[in-house]
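Asker: I'd like to ask some things about the structure below.
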Amino acid sequence: MLDTLPENLIFLTGVTGAVGTELLPRLLQRYPHATIVTLIRGKDQADVEARLTSSMAFAEAGTAQRKRIVALKGDVSQPSLGLDEPVLALLARKTGQIFHLAANVRFNAGLEESRQANVESTRAILRFARNCHLSHPGGVRLNYISTAYVAGNRRGPLLERELNCGHTFWNSYEQSKMEAEELVRAAEPEVPITIYRPSQIIGTAEAGKVRKLFGFLEFLKLTCTGKIRLLPASPETRTDMIPVDYVCDAIAYLSGEKDTVGHTYHLAAGLQRSTSLGEVVEIAYRILQEYAPSEQLPKRPEFIPVDVFEQYAVDGKVHKSFSGLLQLYQTYMSYERDFEVDATMARLARGGIVLAPMNDVVHASALYVVRQHFGIPDPVPA
């Protein structure tokens, strides 16, 4: 079957994740004549096919496009991507674009575990990209999805071409992604590469849908249960969040533009467009008041100083589920990050991609989470 694959394939990792799920249908649209080979971990081929089907169903991707997608059982953390060498060699001869999304995004993973998943997978993808280049020089392009949080504990302005500034990190995910991006940067003289750095991903701008809840959405999910009543943060702090469809529209568009090779793009809202934590809580709580059954309506979370909150935690007045989330995300609530975005937004605007007002995006995501939690069906379109 693989022998009959056409030339100029798209090779995609991480298709079942939050970004990959939304990116796949956009790549099918952006490259209407391309076949997309997806690398998916699974117990067997049937499991791999089922995971792909689930991902496509969530994104409401048209089933008619399924014939343009090939699902391969593999593992990016393995040196040969978990594939047989003849298969890897065949793919190297036929691949025109690579999109590497797969990553371990667990903030509480150990550094070595994060490095194995993020650094070693990137090393394996770069080896594959170099083999593609050797098979047909100039005929391959690598699109690498990093994270805006390679900035670690640095304070702004955070520029797109900056990377290792001798700074430290809040968790192993940030550090391993910075180390992986260093590998990618080092390979730029050999392979055409574009790097994308999303900030905190939430749902789609209009529907609020996202396959995996991150950050604010996890806090909101827990708030729905009444387990979050105190927030150790300032309501004025603005936290950078970005809708997943904006990220995927940007990647799909920029990947097909010749002038974007060699560039790094912050796919973030930027400080001035970000919503303050106080506004986020206000938006979310208004939705809770409207949709939560009266007997299940939680109390509105109250902002308090970190040191006061810590005493509450010592006294056992903080739910352990909330304490666990704080261990992961406290630093993302404690101070603002000022990502450089203006040039990227101007470039995206040339392709018709414009970030929606973030208050509206936050509203859509909060509405999605609240409806999902309380089992409220989406309204029927008129």
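Asker: Using a simple spin-label model with points 7 Å from Cα along the Cα→Cβ vector, what separation in nm is obtained for residue 134 and residue 66?
Answerer: Inter-label distance under the simple model: 3.8 nm.
Asker: If you don't mind, another one. Could you pull out every one of the aspartates and glutamates with an alpha carbon less than 13 Å from that of residue 227, ignoring same-chain neighbours closer than 8 positions?
Answerer: Answer for residue 227, where 13 Å is the Cα cut-off: 218, 302, listed by chain and number.
Asker: Right, next: Could you tell me which of rounded, prolate or oblate describes the range 214-294, using a ≥ b ≥ c as the square roots of the eigenvalues of the alpha-carbon gyration tensor, with rounded for a/c under 1.5 and, failing that, prolate when a/b is larger than b/c and oblate otherwise?
Answerer: Details: a/c = 3.28, a/b = 2.25, b/c = 1.46.
The shape class here is prolate.
Asker: For residue 259, what accessible area in Å² do you get when you roll a 1.4 Å probe over the heavy atoms of the protein chains, rounding to the nearest 10?
Answerer: The value for residue 259 is about 80 Å².
Asker: In addition: Need the full-extension length gain, residue 167 to residue 2, defined as separation in residues times 0.36 nm minus the C-alpha distance. One decimal, nm.
Answerer: Values: separation 165, 0.36 × 165 = 59.40 nm, distance 4.51 nm.
Answer, rounded to one decimal: 54.9 nm.
Asker: For the chain, report the accessible area per residue in Å² (1.4 Å probe, heavy atoms, rounded to an integer). Could you put the intermediate results ahead of the total?
Answerer: Working: 16820 Å² over 382 residues.
Heavy-atom SASA per residue in the chain reads 44 Å².
Asker: Applying the Karplus parametrisation 6.51 cos²θ - 1.76 cosθ + 1.60 with θ = phi - 60° to the phi angles of the range 312-317, what ³J(HN,Hα) value in whole Hz is obtained for each residue in order, glycine and proline being reported as x?
Answerer: Listing the rounded values in order: 4, 5, 4, 7, x, 9 Hz.
Asker: Could you tell me which of rounded, prolate or oblate describes the range 229-382, using a ≥ b ≥ c as the square roots of the eigenvalues of the alpha-carbon gyration tensor, with rounded for a/c under 1.5 and, failing that, prolate when a/b is larger than b/c and oblate otherwise? Walk me through the numbers before you get to the answer.
Answerer: Numbers: a/c = 2.67, a/b = 1.50, b/c = 1.78.
It is oblate, given that a/c is not under 1.5 and a/b is not larger than b/c.
Asker: Efficiency by 1/(1 + (r/R0)^6): what FRET value for residue 49 and residue 257, r their Cβ-Cβ distance, R0 = 30 Å, to the nearest 0.05? Let's see the in-between values first.
Answerer: Numbers: r = 33 Å, r/R0 = 1.09.
Rounded to the nearest 0.05, the efficiency is 0.35.
Asker: OK, next. Starting from the eigenvalues of the Cα gyration tensor, five times each then square-rooted, give me the equivalent ellipsoid semi-axes of the range 178-252, largest first, whole Å.
Answerer: Details: eigenvalues 211, 53, 23 Å².
Three semi-axes, in Å: 32, 16, 11.
Asker: Rounded to the nearest whole Å³, what is the per residue volume of the convex hull around the Cα atoms of the chain? Can you show the working numbers first?
Answerer: Working: hull volume 57.2 nm³, N = 382.
Cα convex hull per residue, to the nearest whole number: 150 Å³.
Asker: While we're here: Around residue 200, which amide H atoms from residues at least 5 apart in sequence, or from another chain, sit under 5 Å from its own amide H, with H modelled in the peptide plane?
Answerer: Under 5 Å from the amide H of residue 200 lie the amide H atoms of 242, each far enough along the sequence or on another chain.
Asker: Using 1/(1 + (r/R0)^6) with R0 = 35 angstrom and r between the beta carbons of residue 296 and residue 57, what's the FRET efficiency to the nearest 0.05? Don't skip to the end; give the middle numbers.
Answerer: Details: r = 29 Å, r/R0 = 0.84.
Calculated value: 0.75.
Asker: Another question about this same structure. Fully extended, how many nm does the chain gain between residue 212 and residue 106 (0.36 nm per residue separation, minus their Cα-Cα distance)? Display every interim value, and only then the final one.
Answerer: Numbers: separation 106, 0.36 × 106 = 38.16 nm, distance 1.22 nm.
So the extension gain works out to 36.9 nm.
Asker: Answer with one residue from 144, 283, 297: the one whose Cα lies farthest towards the positive end of the charge dipole of the chain, charges on Cβ with Lys, Arg +1 and Asp, Glu -1.
Answerer: In the chain, that residue is 144.
Asker: If one puts a single equal scatterer on every Cα of the range 151-280 and applies the Debye formula without solvent, what log₁₀ I(q)/I(0) results at q = 0.13, 0.20 Å⁻¹?
Answerer: For the range 151-280 at q = 0.13, 0.20 Å⁻¹, log10 I(q)/I(0) is -0.67, -1.38.
Asker: Please sort 201-210, 305-314 by packing, taking for each peptide the average over its residues of neighbouring beta carbons within 10 angstrom, highest first.
Answerer: Working: 201-210: 21.8, 305-314: 12.7.
Sorting 201-210, 305-314 by mean packing, highest first, produces 201-210, 305-314.
Asker: Return the whole-Å distance between the Cα centroid of the range 1-71 and the Cα centroid of the range 233-292.
Answerer: Cα centres, the range 1-71 to the range 233-292: 26 Å.
Asker: What ranking do 262-273, 321-332, 224-235 get when scored by the average of other Cβ atoms within 10 Å per residue, highest first?
Answerer: Put in order of decreasing packing, that is 262-273, 224-235, 321-332.
The values are calculated or read from the model by the stated rules, or taken from the named source; none is laboratory data. Keep in mind that what you see is a predicted model, and the values were worked out from it rather than measured. All Cβ positions, glycine included, derive from the backbone under ideal geometry; neighbour counts span all protein chains shown. With ligands, DNA and RNA removed, areas are computed over all heavy atoms of the protein, side chains included. Shrake-Rupley method; radii C 1.70, N 1.55, O 1.52, S 1.80 Å.
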